[in-house]
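Engineer: Structure below; questions to follow.
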Amino acid sequence: MTELIKFHDFTTARTFLEASRDAVFVISDEKIEYVNEMAAKLLGFERAEDVVGRWSCEFISPEDRRAQYKPAGKTTPFRYELKFQRKDGTNVDVENQISLIEYDGRPASLVFCRDISERKLFEAKLDAVHKHAIELRNVETLEEVAQSTVNTLNESLGFNQVGFGIVEGNTLSFKEFSVSSTVKGLPLDGSGITIRAVNTGETQVVSDVRRDESIVASNSHEQPETLSELAVPIKIGSETFGVLNVENSELDAFDENDRKLLETLAQHVASKIATIIEKEKLQRSLRELESKNQELDEYTYAVSHDLKAPLRSIQAFGELLLSDTSKLDTDAIDYVTRINNASSRMKRLIEDLLVLSRVNRKYLDVESVDLNRLIEQIEMDLEALIREKNAEILYSELPTISCHRVWIQQLFSNLVSNGLKFNRSTNPKVWIGSEEHYDYYQFSIKDNGIGIDEKNFPRIFKLFQRLHSEDEFPGTGAGLTICKKIVESYGGKIWLESKPGLGSTFYFTLSRSAFDGGGMTP
Ligand code: ADP
């Protein structure tokens, strides 16, 4: 139990308490025994006598009354916060510091009480600023950022003349939603405090605009009735995106707290704007990249297409030569055969290039495709190879998906035929699996083939890159590049797990929403 502080003579203590800048109460048995003048004023009374003798809980706001502090068992002095209810019914936030004393021979509480309503108000406003930061997470455009910031300044922080300026090239534009102004394109080499905040990157507080020469000279956008103004740059590091400003028709209307609130708000806004700008830049580069890729595809398509005709002539003349070998010696027959083989290989390469260049063309309709039927079709196409290699294709119930049939068939066909081709087992097997997820499908094509060394994983997806000679395993090295392009054009990924000698599993995903858009043509 805490020792009670005993005053030899409370009358002497009174002299000090009267002079205190804090409100002071002495309370015993919940009755007010003593208050100084500050305390009476705090409660809305003229004289101390009007308060002495009343129950202390009369002056505690109803919501805090039940939770009223019981000092028992606490060491003193101790502090707590609560709301007082004034004579006129209004509330005031206070912080009490309590010491236990002996008053008139009885235990009592000596309460030093401080009005903290300003601090509380500031804390509530700071809360609103942090809430605004959370709100900004769901905002997408610059207009929305400005609108929600202006709302917060108005509604939660209580500023009534507010502006949100954005730097656009060499000018500062106050958007239409600015309450104080709809000015557009203020030149940044002009004057006025918002311009100054942008140019210096520093907060500007003007307590009397009539005394600020640059404002008087600028014929600026500030409201005619504006007397004080606060402008805070919206910036990250040395980059300033804009400015927040608040104006007031009273002199010296803004204090240190207002400045802190606006600066914190401006920081949140700046990081959001930076994210939006970054995202816009990224989208722009993506669009550019897409259009470059498209150009490249068109170019590849045109060139491959044009190469077909001369190649057909070479093949035709080669075959003509070989149709009557009587005029050729053995060397010539060998050379012409080689020319023919090389040109058929070239024909296959050109055909693969044509397929590759067509992957992104958008014409074809999306259709509902039962993948079980699609794999049956692929099995029929590969029948000769399956029979020759004593191979099997295994799968359990596959989904029906909306897709561009031709491309999805090409994708499965390339992966399945690779699983059979790169396989030295006496009974090659390919297993096809599927998983359905909320917004995508994941498929796997697993084989018991020769496997691939991890160091070659990136290489095999590159155009015309092969790990084996044509004699060992025929092919052009374009199949996986085509697969990757198809998968990526549907917002998916393709990857693999494999070890030499232990088979390979290729995985790919297809986004469900990717087929909602336009069609593609083979
Ligand atoms: P291609 O089949 O015409 O050679 P791909 O682009 O389909 O071209 O494959 C590239 C290379 O990746 C192949 O040459 C082969 O070395 C390797 N590869 C692809 N699939 C498999 C697989 N299932 N098992 C082992 N190696 C594979």
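Engineer: Could you give the distance between the Cα centres of the range 126-164 and the range 82-100, to the whole Å?
Structural biologist: 32
Engineer: When the helix-only estimate is applied to the chain (DSSP H runs of n ≥ 4, each -39,500 (n - 2.57), divided by the residue count), what is the mean residue ellipticity at 222 nm, nearest 500 deg cm²/dmol?
Structural biologist: -13000 deg cm²/dmol
Engineer: Is the C-alpha gyration tensor of the range 5-115 telling us rounded, prolate or oblate? Criteria: a/c under 1.5 is rounded; beyond that, a/b larger than b/c is prolate, otherwise oblate. Please report the intermediate quantities before stating the final value.
Structural biologist: Values: a/c = 1.66, a/b = 1.19, b/c = 1.39.
Oblate is the answer for the range 5-115, as a/c is 1.5 or above yet b/c matches or exceeds a/b.
Engineer: Can you classify the range 363-516 as rounded, prolate or oblate using the Cα gyration tensor, where a ≥ b ≥ c are the square roots of its eigenvalues, rounded means a/c under 1.5, and otherwise it's prolate if a/b beats b/c and oblate if not?
Structural biologist: Judged from the Cα gyration tensor, the range 363-516 comes out prolate (a/c at least 1.5, a/b above b/c).
Engineer: So how do 153-161, 462-470 stack up, highest first, on mean other-Cβ count within 10 Å?
Structural biologist: Values: 153-161: 17.6, 462-470: 13.3.
Packing proxy ranking, top to bottom: 153-161, 462-470.
Engineer: In straight Cα distance, which aspartates and glutamates are under 13 Å from LYS125, not counting same-chain residues fewer than 8 positions off?
Structural biologist: Within reach: GLU155, ASP258, GLU263.
Engineer: Next question. Mind checking the per residue accessible area of the chain for me, 1.4 Å probe, whole number of Å²?
Structural biologist: 55
Engineer: If you don't mind, another one. Give the relative contact order (percent, whole number) for the chain; include only Cα pairs under 8 Å separated by 6+ residues.
Structural biologist: Computed over the chain, the figure is 8 percent.
Engineer: Roughly how many whole Å is it from the C-alpha centroid of the range 17-63 to that of the range 371-420?
Structural biologist: 89
Engineer: Leaving out ligands, DNA and RNA, what percent of the accessible area of the chain is carbon and sulfur, probe 1.4 Å?
Structural biologist: Roughly 50 percent of what the probe reaches on the chain is carbon or sulfur.
Engineer: Another question about this same structure. Around PRO474, with a cut-off of 12 angstrom between Cβ atoms, what is the net charge of the other residues, counting Lys and Arg +1 and Asp and Glu -1?
Structural biologist: Net charge around PRO474: +1.
Engineer: With a sphere of radius 13 Å drawn around the Cβ of GLU33, what net charge do the other residues whose Cβ falls strictly inside it have (Lys, Arg +1; Asp, Glu -1)?
Structural biologist: Around GLU33, the surrounding residues sum to -1.
Engineer: Hand me the GluC sites (Glu not before Pro) from the range 337-429 located in a DSSP loop with no more than 16 other Cβ atoms within 10 Å, in residue order please.
Structural biologist: Hits after loop and neighbour filter: GLU397.
Engineer: Net charge near GLU288, counting Lys/Arg +1 and Asp/Glu -1 over other residues with Cβ under 14 Å of its Cβ?
Structural biologist: Numbers: positive: LYS281, ARG284, ARG287, LYS292; negative: GLU280, GLU290, GLU295.
Result for the local shell: +1.
The values are calculated or read from the model by the stated rules, or taken from the named source; none is laboratory data. In this text, all values refer to a predicted model and were calculated from it rather than measured experimentally. Reconstructed Cβ throughout: ideal geometry from the backbone, glycine too, with neighbour counts over all protein chains shown. These accessible areas exclude ligands, DNA and RNA; they are computed on the full protein's heavy atoms, side chains included. Shrake-Rupley method; radii C 1.70, N 1.55, O 1.52, S 1.80 Å.
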